[in-house]
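Below is one structure, written out as structure tokens; the observations come after it.
Only the coordinates and a few stated rules stand behind these numbers; no lab work does. In this text, all values refer to a predicted model and were calculated from it rather than measured experimentally. All Cβ positions, even for glycine, are placed from backbone atoms using ideal geometry, and neighbour counts span all protein chains on display.
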Amino acid sequence: MSIPTLFDWFAGMTLAQWVAFSLAGNSMILGASAMLCACVARRCRERPLFAHQQPITRGDVVLAVVATLLNSLVAVVGWLLWQRGWVQITHPAWWRSAVDVVIFLIAMDLGMYVFHRLAHHPWIYPWLHARHHTHVSVNAISLFVLHPFEVLGFGALMLSVMMLVPLSGTAVLAYLTLNVLFGTLGHAGVEPFPEWWSRNVLLREIGSSSFHAGHHQHPASNFGFYTKIRDRLLGTLK
Ligand SMILES: [Zn+2]
Ligand SMILES: [Zn+2]
């Protein structure tokens with residue numbers, strides 16, 4: 001199935017069908033992320049980033065399920081905005097889709113850095129972001145252990161970018177995949193990227209697993225997600 005045909009299929013669904021599709025899709029993303037996390041942690045166990053693994057608590061599971069439900073809600077809101085013309089999805093040539101992926105990543109990287117630093121403000125941190133940092137090391141579902149407002153904030157930021165910039169459907173799917181991959185690897189508790197990446201002038205700017213692990217160990221540094229550029233420029237890189 002081509003990407004435009006896939007989006008035609010999405011557009012032809014009823015609201016009830018899209019709600020069911022979003023719930024199924026986001027549940028699969030939660031399962032796939034947890035499995036990938038466990039696989040990477042086992043495969044790269046000789047390069048651990050933490051002395052111990054964070055135990056998975058009942059509270060973690062509840063928050064991960066709530067995050068999955070809220071991510072589905074964001075997908076439903078996004079679909080409705082698209083159906084009503086507030087979000088525009090294009091199907092340009094491959095090179096334009098590649099440019100759109102970069103635009104989407106740069107915009108989200110900036111927005112997430114700003115919101116993450118705000119989330120560490122003493123007035124906001126205790127009630128919003130402290131729960132994520134109860135994970136002083138990480139487990140397979142740490143990515144989803146977030147306050148519900150954090151999940152909705154990420155969704156609102158993403159939908160805002162999509163309302164401002166018409167993006168390629170391929171780029172949107174690629175961005176969503178990359179976002180889950182970065183989030184999963186960032187909470188894998190091991191470093192799967194080869195050591196020579198850190199010596200390459202371009203690759204070393206990518207937000208590696210040890211980069212986000214560093215944020216869990218030292219919450220006053222490493223606020224970025226996909227790149228280290230903003231932390232490097234603003235003096236918060238550890
Ligand atoms: Zn984290
Ligand atoms: Zn944080």
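Can you give me the ranges of the helices (runs of 4 or more DSSP H) entirely in segment 154-238 with at least 1 residues that are hydroxyl-bearing (Ser, Thr, Tyr) and either away from ligand 2 (no atom under 16 Å from the Cβ) or over 19 Å from VAL74 (Cα atoms) (or both)?
Counting at least 1 such residues, we get 169-186, 209-217.
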Item to check | Residues located in segment 106-144, provided they are buried (at least 16 other Cβ atoms within 10 Å of the Cβ) and more than 12 Å from ligand 2 (Cβ to nearest atom) | outcome: ALA107, MET108, ASP109, LEU110, GLY111, SER137, VAL138, ASN139, ALA140, ILE141, LEU143, PHE144
Checklist entry - Across segment 211-237, what is the number of residues that are among the small types (Gly, Ala, Ser), within 13 Å of ligand 1 (Cβ to nearest atom) and out of contact with any Lys or Arg (no Cβ under 9 Å at 6 or more places or on another chain)? => result 1
Item to check | Among (1) under 21 Å from GLY59 (Cβ atoms); (2) in contact with a strand residue (DSSP E or B) (Cβ under 7 Å, 6 or more places away or on another chain); (3) surrounded by fewer than 21 Cβ atoms within 10 Å (Cβ to Cβ) - the single one ILE206 does not satisfy | outcome: (1)
Checklist entry - Taking segment 169-207 on its own, how many of its residues are touching a Lys or Arg at 6+ places or on another chain (Cβ under 6 Å) and farther than 29 Å from ARG42 by Cβ? => result 0
